[in-house]
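Scroll down for the structure; my scribbles are underneath it.
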Amino acid sequence: MLVTDWGDLDHVNDLHMAIPGIIIGTQETWNPEHIPDETEMLHRISRLEYHDASGELLDIPTHASHSACFQWNHLITWLELDDGQGGVSTEILQTIPGLLPENERPDDAIRTLQDESQIPSLAESRLMLLRYLKHHITLDETSGHLLRVCARQIATIVAATGLQATANAAALRIAIEGQRLLNQVGLRLAPMPESSTPCS
């Protein structure tokens, strides 16, 4: 889901998105053993903060997060590979392997990134990044479908709860739409093999 950090590049976090984390942090500070199950904690927050009788509202962004084909940090890395003078930021180039969990890193891309015999051009560096992420960018069409389903589920819950949850739930819907748009950005940037099925 599109949740960005720290105000870099002049963006500002929507405080509505921080509410579950604040509640979980408070719970863990005061009584960490009382609710051992994360799912149950999210259900309680859904009922308490979002007035969702089903308790399922916060399950939705969890499901939506699995449909992040191209993430905010991927876009920032793509942008920041430019050192500001048309060259390559070697510092950012070295961060590319950390964008994926170790078990998902393509070996050929890792070897290319570790080859220090010459520094690639900016265009080559960006292409390396996109090839490194290609498995995620070319996730199947169920990703786009899942994001649309999640947005509809949120709308259904909001309709049942009334105005009390509207502002908070709107932030979740915007985040899901933001992720859908980021997925599209990844598709536009990436060189796509003919056999790939993009997420939408």
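Values quoted throughout were computed directly from the atomic coordinates according to the rules given, and no laboratory measurement underlies them. Just so it is clear, the model here is predicted, and its values are computed rather than measured. All Cβ positions, even for glycine, are placed from backbone atoms using ideal geometry, and neighbour counts span all protein chains on display.
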Checklist entry - What's the FRET efficiency of ILE174 with ASP82 using the Cβ-Cβ distance as r and R₀ = 45 Å, to the nearest 0.05? => result 0.95
Checklist entry - Once amide H atoms are built 1.01 Å from N in the peptide plane, which residues 5 or more positions from ASP82, or in another chain, come under 5 Å H to H? => result SER89
Item to check | Projected label distance in nm at ILE19 and THR95, using a 7 Å step from Cα toward the beta-carbon | outcome: 3.1
Checklist entry - Suppose R0 equals 25 Å; then what is the FRET efficiency for LEU48 and ARG148 from their Cβ-Cβ distance, rounded to the nearest 0.05? => result 0.35
Checklist entry - At a Förster distance of 35 Å, what's the computed FRET efficiency of ASP59 paired with GLN184, Cβ-Cβ distance as r, to 0.05? => result 0.90
Checklist entry - Between TRP30 and LEU122, what is the label-to-label distance in nm when each label sits 7 Å out along the Cα-to-Cβ direction? => result 5.2
